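Trainee: First the structure, which I've put down as structure tokens, then a few questions once you've had a look.
Please treat every number below as a calculation from the coordinates, not as lab data. Here the structure is a predicted model, which is why all the values come from computation and not from measurement. Quick reminder, even Gly has a Cβ in these numbers, built from the backbone with ideal geometry, and neighbours come from all protein chains shown.
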Amino acid sequence: MIKTITIFKKVQDLDALLNFYIDVIFPAIHKLPGVICTDITSVHEVSPDISQDLKGIEVIMETHFESEEAMQALVFSKEGYELMAQAGEITPCQISFFVGNEKRFSDKLTDELRKRIARIGYEDEMT
């Protein structure tokens, strides 16, 4: 499965950022064909010796797509650019954006889960 990974670091107003994504961005992008879902992970540092490059990461958002074409249709569209520009204006923060190809592995998969995984591009043969 293809996904976008957006990492937010040193967010000045986290509530404003999250509210904007939940109220504006997600309703807009989740109506588009090929967009499956978005996961939001709040990150808290636990390691005392974390690298300076990673200090200050607060939120990681992952939006999952049915295909690379669906992802590109959003990311490289005029609407996609406009939404990301608006997001950057909500509150000062550092934003890093990545694209990833995800495969999930587990030792116990039901037949139904195997079918769903195969349909969205995961490997269905787990050993």
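Trainee: For the residues F97, F65, what sequence is obtained by ranking on other C-beta atoms within 10 Å, fewest first?
Mentor: Ordered from fewest to most neighbouring Cβ atoms within 10 Å, F97, F65 come out as F97, F65.
Trainee: Between the DSSP loop rule and a limit of at most 15 other Cβ atoms within 10 Å, which trypsin sites (Lys or Arg not before Pro) in segment 1-85 are left? Before the final figure, lay out each step's value.
Mentor: Working: sites: K3, K9, K10, K31, K55, K78; in loops: K10, K31, K55.
The qualifying sites are K10, K31, K55.
Trainee: With θ taken as phi - 60° and the coefficients 6.51, -1.76 and 1.60, list the Karplus ³J(HN,Hα) couplings across segment 85-102 in order, rounded to whole Hz; mark glycine and proline as x.
Mentor: With the stated coefficients, segment 85-102 comes to 5, 5, 4, x, 8, 5, 7, x, 5, 9, 10, 10, 10, 9, 10, x, 10, 9 Hz.
Trainee: Can I ask one more? Exactly which GluC sites (Glu not before Pro) in segment 44-98 are in a DSSP loop and have at most 16 other Cβ atoms within 10 Å? All intermediate terms of the calculation are to be shown ahead of the outcome.
Mentor: Numbers: sites: E45, E58, E62, E66, E68, E69, E79, E82, E89; in loops: E45, E66.
Answer in residue order: E45, E66.
Trainee: Does a label point 7 Å from the Cα of E79, set along Cα-to-beta-carbon, have any residues of segment 1-39 with amide nitrogen under 12 Å, and which are they?
Mentor: 25-35
Trainee: Convert each backbone phi in segment 59-71 into a coupling constant with the Karplus relation 6.51 cos²θ - 1.76 cosθ + 1.60 (shift: θ = phi - 60°), then list the ³J(HN,Hα) values in order as whole Hz, x for Gly and Pro.
Mentor: Each residue of segment 59-71 in turn: 9, 10, 10, 10, 9, 9, 10, 5, 7, 5, 4, 5, 5 Hz.
Trainee: Additional query: Putting +1 on Lys and Arg Cβ atoms and -1 on Asp and Glu Cβ atoms, find which of A16, A70, I95 reaches farthest to the positive end of the dipole of segment 2-119.
Mentor: Most positive-ward Cα: A70.
Trainee: Same structure again: Based on Cα positions only, what radius of gyration and what Dmax would you give for segment 2-119, in angstroms?
Mentor: 16.0, 46
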